[in-house]
Amino acid sequence: MAVGTVGHLELDPEGRPQDLDEIQVSKEQLLGWYRQMALIRRVEELAAKAYTQRKILGFCHLYIGQEAVAVGATAALEPEDVMVTAYRDHGHAIARGVTPRAVMAELFGKATGVTQGIGGSMHMGSAEHNFFGGFGIVGGHVPLAAGAAFASKYREDNGVSIVFFGDGAAQQGAFFEALALAQLWKLPCIFLCENNYYAMGTSLERQSFLTDMSRRGDGVGMRRWQFGGFDVVDVYRNVRRAAEIARSGQGPVILEAVTYRYRGHSMSDPAKYRKAGELDEYKAKDALKSAIARLTGDFDVPQADLDAIKAEIETEAQDAYRFAEESPDPDPAKLYDYTYADTTDGGT
């Protein structure tokens, strides 16, 4: 892609916006994002504890290490925009505004969960927050975001849809079909690959010749670029620019955020396939450390303020854990409420 412009945006030879540093971030914004990321991580740590105690059953895919992507991307969107995620969705739900109580209760399978305890770890969602997440079929959720973007374009409501998916999902047929139609119809959609280097236990270089998943957009002529996903400010700036492009009617954008998950694919995965020293290498780029460095270096935030935030987070996360433990189980009489239509009115 040659150097050029998109509206007022200057692009480099790889199609990346060149003026990202012009997007200002305030101390209050960054403090809020730091708090969200730290809260997500602590809730996930407590979820891991609950899983080992068999208080959480079934699948459980933790988001530890990738917090900057969900928080930064969500901050770049409007509340009316649609967010679609795959099954590693706890962090996205909290970033979008779902309470830790509702997330933890859902993990525990309780009636007070965000989907009343019938979705669990992999199937969270909240219409109130325009958050349609937790789809278990790898890559199968990507066309849903294209559909939501089509609806926004049809209604002319100025909305944007964003879909989060992993590097493994970028190999699926439904993903390619969604890209092709989104580009053909110039849909206001952002396709955001969270490249954490592993599709379950298969490393990126063993599953794909391309290691920059944004280049999947080249085949359909879609604007695309790659960026680091460890600094929440970088994520915010990149996704905000992509949202401006999509919202302006210039068509979809596919992005790749290079990130890393600290845990296995799920709680049942010991992650023994990692190379020696790899985890420590990526932990050196940790999202929380990056945010703290910016807060203390750019805004002179005292350590006492960060310690206070950490204490608040611990209280909120522990409250969510207790709330989940003490919440009631779902009513068995409602087991099929979202499976079969109600025919008590005489229908068949």
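Every read-out reported here was derived from the displayed coordinates using simple, explicitly stated rules and does not represent laboratory data. This structure is a prediction, so every number in the text was calculated from the model and none was measured. No Cβ is skipped: glycine too gets one built from the backbone with ideal geometry, and neighbour counts run over all protein chains shown.
Between Ala169, Ala68, Ala93, find the one with the highest GNM mean-square fluctuation for the chain; connect C-alpha pairs within less than 10 Å.
Ala169
Using label points projected 7 Å from each Cα along Cα→Cβ, tell me how many nm separate Leu335 and Asp157, to one decimal.
3.6
Name the residue farthest towards the positive end of the dipole of the chain from the options Leu187, Ala93, Leu62, assuming +1 on Cβ of Lys and Arg, -1 on Cβ of Asp and Glu, about the Cα centre.
Of the listed residues, the answer is Leu62.
Over region 41-328, how many pairs of lysines fall under 24 Å by alpha carbon, counting only those 8 or more apart in sequence or from different chains?
Within region 41-328, the lysine pair count is 15.
State the Kirkwood hydrodynamic radius of region 237-311 in Å, one decimal place, computed from all pairs of distinct Cα atoms. Can you show the working numbers first?
Working: mean 1/r = 0.0621 Å⁻¹.
One over the average 1/r among Cα pairs gives 16.1 Å for region 237-311.
Net charge within 10 Å of Ile313 by Cβ-Cβ distance, Lys/Arg positive one each and Asp/Glu negative one each, not counting Ile313 itself?
On the way: positive: Arg35, Arg41, Arg42, Lys310; negative: Glu312, Glu314, Glu316.
Counting the neighbours of Ile313, the net charge comes to +1.
Anyone know which of Leu210, Leu77, Leu192 comes out most mobile in the 10 Å Cα GNM of the chain?
Highest fluctuation of the listed residues: Leu210.
Run through every distinct alpha carbon pair of region 41-328 and return the Kirkwood hydrodynamic radius in angstroms, one decimal place.
Numbers: mean 1/r = 0.0519 Å⁻¹.
Roughly 19.3 Å, rounded to one decimal.
Based on the Cβ-Cβ distance from Arg206 to Thr52, what FRET efficiency comes out when R0 is 41 Å, to the nearest 0.05? Walk me through the intermediate numbers first.
Numbers: r = 30 Å, r/R0 = 0.72.
With R0 = 41 Å, the Cβ-Cβ based efficiency is 0.85.
Want the number for Ala293 to Asp305: 0.36 nm per residue separation, take away the alpha-carbon distance, what's left? Please list the in-between numbers first.
Details: separation 12, 0.36 × 12 = 4.32 nm, distance 1.36 nm.
Contour length minus the Cα-Cα distance gives 3.0 nm.
Could you compute the FRET efficiency for Arg215 and Ala284, with r as their C-beta to C-beta distance and R0 at 30 Å, rounded to 0.05? Mind dumping the intermediate values first?
Details: r = 27 Å, r/R0 = 0.89.
It comes to 0.65.
Just to compare against my own numbers: the Cα pair-distance distribution for region 216-268, 10 Å bins, whole % per bin, please.
22, 41, 26, 10, 1
Work out how far the C-alpha atoms of region 192-240 reach from end to end along every principal axis, then list the three figures in whole Å, largest first.
Here the spans come out as 31, 27, 12 Å, largest first.
Give the Cα extents of region 148-192 along the principal axes, in whole Å, largest first.
33, 18, 11
Roughly what % antiparallel, to the nearest 5, for the DSSP beta bridges in region 110-198? List each step's numbers first, then the result.
On the way: 2 of 8 bridges.
Bridges in region 110-198 are about 25 percent antiparallel.
What does DSSP give for the chain in terms of the percent of beta bridges that are antiparallel, rounded to the nearest 5? Show your work: numbers first, answer last.
Working: 8 of 32 bridges.
Within the chain, antiparallel bridges account for around 25 percent of the total.
Note down the net charge around Lys153, summing +1 for each Lys or Arg and -1 for each Asp or Glu among other residues with Cβ under 15 Å from its Cβ. Before the final figure, lay out the partial values.
On the way: positive: Arg155, Lys186, Arg247; negative: Glu80, Asp81, Glu156, Asp157.
Around Lys153, the charge tally is -1.
For the chain, set up a GNM with springs between Cα atoms under 10 Å and report which of Ser26, Ser161, Ser290 has the largest fluctuation.
Sorting by GNM fluctuation, first place goes to Ser26.
Compute the signed sum of charges (Lys and Arg +1, Asp and Glu -1) over the other residues within less than 11 Å, Cβ to Cβ, of Ser203. Please report the intermediate quantities before stating the final value.
On the way: positive: Arg206, Arg274, Lys275; negative: Asp167, Glu205, Glu278.
Within the 11 Å Cβ shell, the charges total 0.
Per the Kirkwood treatment, what hydrodynamic radius in Å, one decimal, follows for region 22-81 from the mean inverse distance over all distinct Cα pairs?
Details: mean 1/r = 0.0752 Å⁻¹.
Its Kirkwood hydrodynamic radius stands at 13.3 Å.
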